[in-house]
Amino acid sequence: MCGIVAYIGPKDATPFLLEGLARLEYRGYDSAGVAVAGRTGGIKVRKVKGRVADLAAAVPVRFKGGTGIGHTRWATHGVPSDANAHPHQDNAERIAVVHNGIIENADELRARLTAEGAVFRSETDTEVLAHLIAAHATEGVELEEAVRAALGKVVGTYGIAVLDAEQPDRIVVARNGSPIVLGIGEKEMFAASDVSALVRYTRQVVHLEDGELATVRADGFRTFTEDARTTHRQPSTVDWEIDSYDTGGYEHFLLKEIHEQPGSVERTLSGRLDERFATAHLGGLNLDARELREIRRVKILGCGSAYYAGEMGAQLIEELARIPAHSEPASEFRYRNPVIEADTLYIAVSQSGETYDTLAAVQEVKRKGGRVLGVVNTVGSAIARECDGGIYLHAGPEISVASTKAFTSTVIAFALLALHFGRIHDLSPADGRRIVAALKALPDQIREVLAQSDAIAGLAAEYADSEGMMFIGRVRGYPVAREGAQKLKEISYVHAEAYPASELKHGPLALISPELPTVALVPDDELLDKNLTTLGEIKARSGRVLAVAHRAPEAKLADHCILVPKSEPELDPLLLNIPLQLLAYHAAVALKRDVDKPRNLAKSVTVE
Ligand code: F6R
């Protein structure tokens, strides 16, 4: 949600901090700040409401120091403002803290600290940490001890980095629920909430575990637990390419990520298709065929687009494996005291692997003895670690706030799982071969859709100034409509509503008018005639129709049509979704929106 960076070494920290924050800005972007322990003593802080570029403009040339921390924020406690931006300090300005997560007992701690004389200058929960650490940093106490003691009084989630004016030879970081990763350089060390801030500087990283702290010095680090036991962590090597973190000549990350899909789909499929047995191999499930046969139901849990990808996944599992499957928002599931059944397989879906609601849903299932698989993009993330097994997407880093390539790879992962499940149950070898062949053809078919980007831009310009848009699809098409509407509203701010095409005449048909165009998913499948009838009903009410179809409907039924290559019916939703990504992107560009950083949103939602 927010981003953290830290540096300690012989160089000046500020350029790294600002560059690292710019790379993390997709995680949160309403305010930003940096603090450095100056070479002349004391801590210098600059923080502003606004973007990292605003912060960079506000940092004076003489803002130098070899030890520093920085933060880019997505407001949870208190409005975006200079005062609420991180880093936060105690009253003596000895300690500076940046924090991701939520301190649940902040009000209680604030009252206690105020009674002891602390004067609070922000509305944030984070400021509590600064005062609390300072209260423990008495004469002769090492910073790590002060941080450890302070965290012992805290209830909540945190990733933090702490700077001490009196011990500028170290930074102390800690993790509980919000990621912290250390980067190992040559006589310099880095830390961040996300490797994307580090890959320009080092590939050697250490991911802290929940409940772990580290003292980071220029020449190394020491990790330990909240009860002061030393831990021994081996560095791992980041294998994502550096250019994944650049726009690579595209105008926006979103457009780049949409265009990366042929490659990301290939990576999700790579090494997993078995042509001989017409099935898929998924090494990380940690479930053998006998255990899989005992599963009677599948429940998929995710938020936002991950939930919609789960709806496509449920459809695939029901169709190919004939096992009842259902997708539910993890954010709802976790609060409704769900019944956990022994013969149900729970599957958590998350690009970031950090979404708090999804993580909490996984924990709820596990607490009640259920078995959870993860369909996750970020290797080693909290959700991936919490699950009993799963499928990594290998889609590569997704930087733009709106999910595109991870969405598509999630559906591919479900297709592989459904195929694997299906072939354990009653899916015939012939049907298995049909799906394997269709999966292999997808990257080229996606390329065909992407080649229409300019034409779709023209359509987007035509429809972008509508007062709203309706998205409709039947059965397999309905999750496509939901995801299409979601993408349009989140990045273009055009109101969009998704409905099952079959439900239109039960109410929302009343909305149809020339000002409210409809995007209709019209695959050439067994429901084609029904869909064409619905188009007729819309046209009869003077509605405009943009069809996304395998064959163009008659001109009297659709004003415009985007043609999509045909896959097998079970996989068609995946291809029908790609033009809707482009439609949303080009509409957002036409409306001059901040495409990669839409207002009010952040990439990973690590709060409830
Ligand atoms: C939509 C979008 C969000 C995320 C949701 C879950 O484009 O990006 O709806 O899909 O917040 O995020 P992850 O997949 O990281 O759990």
Failed criterion for residue 187 (all others in (1) open to solvent by less than 30 Å² (accessible area, probe 1.4 Å); (2) on the phi > 0 side of the Ramachandran plot hold): (1)
What residue, among those in segment 378-429 that are open to solvent by 20 Å² or more (accessible area, probe 1.4 Å), in a loop (DSSP other than H, G, I, E, B) and away from the ligand (no atom under 16 Å from the Cβ), is farthest from residue 275 (Cα to Cα)? 388
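Across segment 325-338, what is the total count of residues that are more than 14 Å from the ligand (Cβ to nearest atom), open to solvent by 20 Å² or more (accessible area, probe 1.4 Å) and at pLDDT below 95?
3
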Subset of segment 566-603, residues open to solvent by 10 Å² or more (accessible area, probe 1.4 Å) and in contact with a His (Cβ under 7 Å, 6 or more places away or on another chain), comes to 566, 596
Exception for residue 37 within (1) within 26 Å of residue 119 (Cβ to Cβ); (2) open to solvent by 20 Å² or more (accessible area, probe 1.4 Å) falls at (2)
Collect the residues in segment 258-273 that are within 22 Å of residue 429 (Cβ to Cβ) and open to solvent by less than 20 Å² (accessible area, probe 1.4 Å), keeping them in residue-number order. 269
Where residues in segment 523-541 are open to solvent by 70 Å² or more (accessible area, probe 1.4 Å) and of a type outside the set (A, V, I, L, M), which of them is nearest to residue 467 (Cα to Cα)? 541
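Look through segment 1-60, keep the residues that are hydroxyl-bearing (Ser, Thr, Tyr) and closer than 23 Å to residue 189 by Cβ, and return whichever of them is modelled with the lowest pLDDT.
40
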Working only within segment 250-296, note down all residues that are under 14 Å from residue 394 (Cβ atoms) and among the polar types (S, T, N, Q). 261, 264, 268, 270
Count, please, the residues in segment 361-377 that happen to be of a type in the set (Gly, Ala, Ser) and either within 14 Å of the ligand (Cβ to nearest atom) or assigned to a helix (DSSP H, G or I) (or both). 2
For residue 120, indicate whether it is of a type outside the set (A, V, I, L, M) and more than 31 Å from the chain's Cα centre (by Cα). yes
Does segment 285-311 hold any residues that are among the hydrophobic types (A, V, I, L, M, F, W, C), outside any helix (DSSP H, G or I) and over 17 Å from residue 603 (Cβ atoms), and which are they? 287, 295, 298, 300, 301
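Out of the residues in segment 284-303 that are open to solvent by 30 Å² or more (accessible area, probe 1.4 Å) and under 18 Å from residue 383 (Cα atoms), state the one that is farthest from the ligand (Cβ to nearest atom). Walk me through it before giving the result.
Pass one, segment 284-303, residues open to solvent by 30 Å² or more (accessible area, probe 1.4 Å): 284, 286, 288-291, 293-294, 296-297, 299, 303.
When the remaining residues are screened for being under 18 Å from residue 383 (Cα atoms), the result is 284, 286, 299, 303.
On the way: 284: 18, 286: 21, 299: 16, 303: 4 Å.
Applying the filter and picking the extreme gives 286.
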Pairs with Cβ under 7 Å, 6+ apart, first in segment 594-608 and in contact (Cβ under 8 Å) with a residue 40 or more places away in the chain and small (Gly, Ala, Ser), second open to solvent by 30 Å² or more (accessible area, probe 1.4 Å) and near the ligand (Cβ under 8 Å from one of its atoms): none
Taking first residues from segment 266-291 that are under 16 Å from residue 443 (Cβ atoms) and second residues anywhere that are β-branched (Val, Ile, Thr), the pairs with Cβ under 7 Å that are 6 or more apart or on different chains are 268/412; 269/412; 273/436
Residue satisfying condition, being small (Gly, Ala, Ser), at pLDDT 95 or above and within 19 Å of the chain's Cα centre (by Cα), within set 264, 193, 244, 270: 264
Against the condition among the aliphatic types (A, V, I, L, M), surrounded by fewer than 24 Cβ atoms within 10 Å (Cβ to Cβ) and not in a loop (DSSP other than H, G, I, E, B), how does residue 57 come out, does it pass? yes
Hey, among 219, 239, which residue is of a type outside the set (Val, Ile, Thr), closer than 30 Å to residue 585 by Cα and open to solvent by 80 Å² or more (accessible area, probe 1.4 Å)? 239
When you go through (1) among the β-branched types (Val, Ile, Thr); (2) more than 14 Å from the ligand (Cβ to nearest atom); (3) open to solvent by less than 10 Å² (accessible area, probe 1.4 Å) one by one for residue 358, which number turns out not to apply? (2)
Given the conditions (1) more than 16 Å from the ligand (Cβ to nearest atom); (2) at pLDDT 95 or above; (3) crowded, with 17+ Cβ neighbours inside 10 Å, and given that residue 455 satisfies all but one, which numbered condition is not satisfied? (3)
Looking at residue 489, is it open to solvent by 10 Å² or more (accessible area, probe 1.4 Å), over 28 Å from residue 431 (Cβ atoms), charged (D, E, K, R) and touching a His at 6+ places or on another chain (Cβ under 7 Å)? yes
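Do we have residue 108 as open to solvent by 40 Å² or more (accessible area, probe 1.4 Å), more than 22 Å from residue 31 (Cβ to Cβ) and not β-branched (Val, Ile, Thr) here?
When the stated conditions are applied, residue 108 passes them.
One line per residue, one yes/no per condition, for (1) part of a loop (DSSP other than H, G, I, E, B); (2) touching a residue at least 60 places away in the same chain (Cβ under 8 Å); (3) touching a His at 6+ places or on another chain (Cβ under 9 Å):
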position	(1), (2), (3)
202	yes, no, no
216	no, yes, no
234	yes, no, no
251	yes, yes, no
254	no, yes, no
Those residues that are surrounded by fewer than 24 Cβ atoms within 10 Å (Cβ to Cβ) and out of contact with any Lys or Arg (no Cβ under 8 Å at 6 or more places or on another chain), I need them from segment 1-15; list them, please. 11, 15
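The values are calculated or read from the model by the stated rules, or taken from the named source; none is laboratory data. Everything numeric here is computed off the predicted structure, so don't read it as measured data. Virtual Cβ from ideal backbone geometry, glycine too; neighbours counted across all protein chains shown. Just so you know, the surface numbers come from the protein's heavy atoms only, side chains and all, with ligands and any DNA or RNA stripped out. Shrake-Rupley method; radii C 1.70, N 1.55, O 1.52, S 1.80 Å.
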